[in-house]
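What follows is calculated from the coordinates using simple rules that are stated; it is not laboratory data. Computed from a prediction, not measured in an experiment: that's the story for all the values here. Here the Cβ is made from the backbone with ideal geometry for all residues, glycine too, and neighbour counts use every protein chain on show.
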């Protein structure tokens, strides 16, 4: 049976994978600072016979691990950064870990190690069957700020693979062909002239006025963009006291849209709004472009193969303790839980998703830099149930489940699915041929243009 050797190898490595995941969970790290996660992952890959390189592409916490030779070269896209403000114990009640800010509120400790598990399983079956092909595992930092893969791509990553598969922890076991949004990310720094707001306001030029006028202009701009364009912002600095005309203010913007081209067009218009706001307020504006990412481009040919693999992998069974843990978590989000159950026709007593959802073509408003890689080579993203059905995205509930056995089971299920996917691609050359034809048709002769422009430096 295709996948049998791979599954056995992943089961055998289970202890190592869970220990590594636990260490990452206990030591959550922010974007471009994933040094412990990088060490743990490299040690594990080396133990299982991979050639491991770290710090490539000008990105200190990047990892590239390879095994095998020739084609197809299958890319596995790991991630390992955490989120600020989401520290949490393995508990069904809100309980931050003392002294800890970051937490695995997106399950990236599971995400990266699932890909390692897939690599271990795929390697075992390729060795046993003397199968052709190359496994290329990339562990990518800073996905939560949507630029890690862009920085790596700027440095030359992902050119050595024929196709890629990515996994993300989720509330469901699913494969989809929908897409996420492309994005640009920038801060607008306004500089004015300080003065006493009561004594001599005529001598002041308020940087905060510039920010507020820009925000008004951006809200008028919303009337004249397509309905699926998103423009959102936060004022990060607005002054120090009401009686001081602020000489500095800053507003941080995200611009999102389903296609990269539309993001760039809206962003250019937003920059003109900022320049106009500076003229009106008598200030100057400095635009700090911080990077961006592409929309995802999930390949339909690869999606069918991934869904077939997911349906063939042995399903998880949950203990009464795990189900009770999930139930208590779901009780904290009852309205969201019922909406999800209704939307996907799930049983009223299901606390953790079981089985595999039908193919989904659902596009979301969020963004991920996986889209950058999917505009370089054909790719697909899968999801598996790593937390309770009602868990909100980027939440303490996800942090808790990511350190629980529920998360570990989802991680192993994803690893086996990706390993079987890789074996199917290796055993049927027509899969890659058709996937590449679909990719080329979508791209229409255009090429990936990295949103991480040459002057951008990795944040320190």
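Give the order of 71, 108, 232 when sorted by the count of other beta carbons within 10 angstrom, beginning with the fewest. Provide the component values of the computation, followed by the final result.
Numbers: 71 14, 108 30, 232 10.
In order of increasing Cβ crowding within 10 Å: 232, 71, 108.
Helix 108-129 versus the longest principal axis of the chain: what is the Cα-based angle in degrees, 0 to 90, to the nearest 10? Compared with the principal axis, the helix lies near 30 degrees. Counting only alpha carbon atoms, the long axis of helix 320-331 and the longest principal axis of the chain meet at about 20°.
Largest first and in whole Å, what are the equivalent-ellipsoid semi-axes of segment 182-292 based on the Cα gyration tensor, each being the root of 5 times an eigenvalue? Display every interim value, and only then the final one.
Values: eigenvalues 165, 29, 22 Å².
The three semi-axes for segment 182-292 are 29, 12, 10 Å.
Quick one: helix 334-343 against the long Cα principal axis of the chain, what's the angle to the nearest 10°, folded into 0 to 90? Helix 334-343 sits roughly 60 degrees off the main axis of the chain.
Only counting other Cβ atoms within 10 Å, I'd like 449, 229 sorted with the fewest neighbours first. Mind showing how you got there, number by number?
On the way: 449 10, 229 19.
Ranked by crowding around the Cβ, least crowded first: 449, 229.
Packing-based ranking of 43-54, 402-413 yields 402-413, 43-54, ordered from highest to lowest mean Cβ neighbour count within 10 Å.
The Rg/Rh ratio for segment 142-233 is 1.17, where Rg is the radius of gyration of the alpha carbons and Rh is the Kirkwood radius. The gain in end-to-end length when the residue 331 to residue 348 segment is fully stretched comes to 4.8 nm, 0.36 nm per residue minus the alpha carbon separation.
Could you grab the Rg to Rh ratio for the chain? Cα atoms only, Kirkwood for Rh. Show your work: numbers first, answer last.
Details: Rg = 23.4 Å, Rh = 23.2 Å.
Computed over Cα atoms, the ratio is 1.01.
The relative contact order of the chain comes to 23 percent, based on Cα pairs under 8 Å that sit 6 or more residues apart.
State the extension gain, in nm to one decimal, for the chain segment bounded by residue 203 and residue 235, taking 0.36 nm per residue of separation less the distance between their alpha-carbons. It would help to have the intermediate numbers written out before the result.
Values: separation 32, 0.36 × 32 = 11.52 nm, distance 2.41 nm.
Extending this stretch completely gives an extra 9.1 nm.
Extending 7 Å from Cα along the Cβ direction at residue 100 and again at residue 339 yields two label points whose distance is 2.9 nm.
Between residue 1 and residue 193, the simple spin-label model (points 7 angstrom out along Cα→Cβ) gives 7.9 nm. Extension gain for the segment residue 315 to residue 43, taken as residue separation times 0.36 nm less the Cα-Cα distance, is 95.0 nm to one decimal. Under the criterion of Cα pairs below 8 Å and six or more residues apart, the relative contact order for segment 293-424 equals 43 percent.
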